[in-house]
Amino acid sequence: MLFSQERTPSSQERALIDAPSGGARAKRIGDDVQLEPVPRLEWSLATEAHQPATEAATPASLRRSWIHSAPERQVLGLFRKLNGAKRRLPAPWWLRALDRGELASRAEAFQIEDEVHAVLSARPGWVFVPWVGISEAGYWEYAPSDRGSVKMPTTVVLTDEHEGWLNVVPAYGDEEALPVPTSTTKLLSLLPQVEMW
């Protein structure tokens, strides 16, 4: 808002000038303008990747947003501030686990993602799929299981539902299959069985 030098801003105008602009939007009520927080917009900007991830081949190639590179304490602080008790903001598995104190650091989470990718990419038939929700790490599909009336092939996904951090979802048709909880340490020994589903 620009003011001429002859006019001094009113107290309401001064409050708007001095109010922080991040995470807020203006709402008109009569002649007054009030600011309302827009947490989803602020979070969307924090999780937005700087370059399109259309050619992403690894979980590491998807780590291009503010939440992946800003100081961990700031990321966690913003998540807690915007997420609140309702826990409704879309967030990567590791951030929810970090928020609950189940992971020591974001770096530990990235190491888990990279380990899973190393195990699966070394085996024939496994394909990394980068097209997921906001700021997620992607998932892996077992291509040979995608046959017949299958709607979703056998899939390995990262999760914060348990401290093994991995779920294997068997291929399924009409009825969604229940995920099988596992861990990075058990994944390699489980794969021969998974690949026969």
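The values are calculated or read from the model by the stated rules, or taken from the named source; none is laboratory data. What you are looking at is a predicted structure, and each value in this text was computed from that prediction instead of being measured. Methodologically, a virtual Cβ is constructed for each residue, glycine included, from the backbone with ideal geometry; neighbour enumeration extends over all protein chains shown. To get the accessible areas, we keep the full protein, side chains included, count just its heavy atoms, and leave off ligands, DNA and RNA. Shrake-Rupley method; radii C 1.70, N 1.55, O 1.52, S 1.80 Å.
Only residues that are open to solvent by 30 Å² or more (accessible area, probe 1.4 Å) and farther than 14 Å from H68 by Cα were counted across the range 90-107, and they come to 5. Looking across S145, S105, S121, one residue alone is out of contact with any Gly (no Cβ under 6 Å at 6 or more places or on another chain), more than 29 Å from V75 (Cβ to Cβ) and of a type in the set (G, A, S). It is S145. Taking the conditions (1) crowded, with 17+ Cβ neighbours inside 10 Å; (2) over 14 Å from the mean Cα position of the chain (by Cα); (3) part of a helix (DSSP H, G or I) in turn, L166 satisfies each one other than (3).
Considering only residues in the range 57-114 that are polar (S, T, N, Q) and more than 25 Å from L187 (Cβ to Cβ), the one that is nearest to the chain's Cα centre (by Cα) turns out to be S65. Counting only residues that are open to solvent by less than 20 Å² (accessible area, probe 1.4 Å) and over 24 Å from E72 (Cβ atoms), the range 124-134 holds 1 of them.
Conditions tested, residue by residue: (1) within 28 Å of L78 (Cβ to Cβ); (2) among the charged types (D, E, K, R); (3) open to solvent by 60 Å² or more (accessible area, probe 1.4 Å); (4) not in a helix (DSSP H, G or I).
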| position | (1), (2), (3), (4) |
| --- | --- |
| A109 | yes, no, no, no |
| H117 | yes, no, no, no |
| E136 | yes, yes, no, yes |
| V150 | no, no, no, yes |
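Of all residues in the range 169-183, those satisfying the criterion of being open to solvent by less than 40 Å² (accessible area, probe 1.4 Å) and outside any loop (DSSP other than H, G, I, E, B) are V169, T182, S183.
T154 meets each of the listed conditions (1) touching a helix residue (DSSP H, G or I) at 6+ places or on another chain (Cβ under 7 Å); (2) among the polar types (S, T, N, Q); (3) loosely packed, with under 14 Cβ neighbours inside 10 Å apart from (3).
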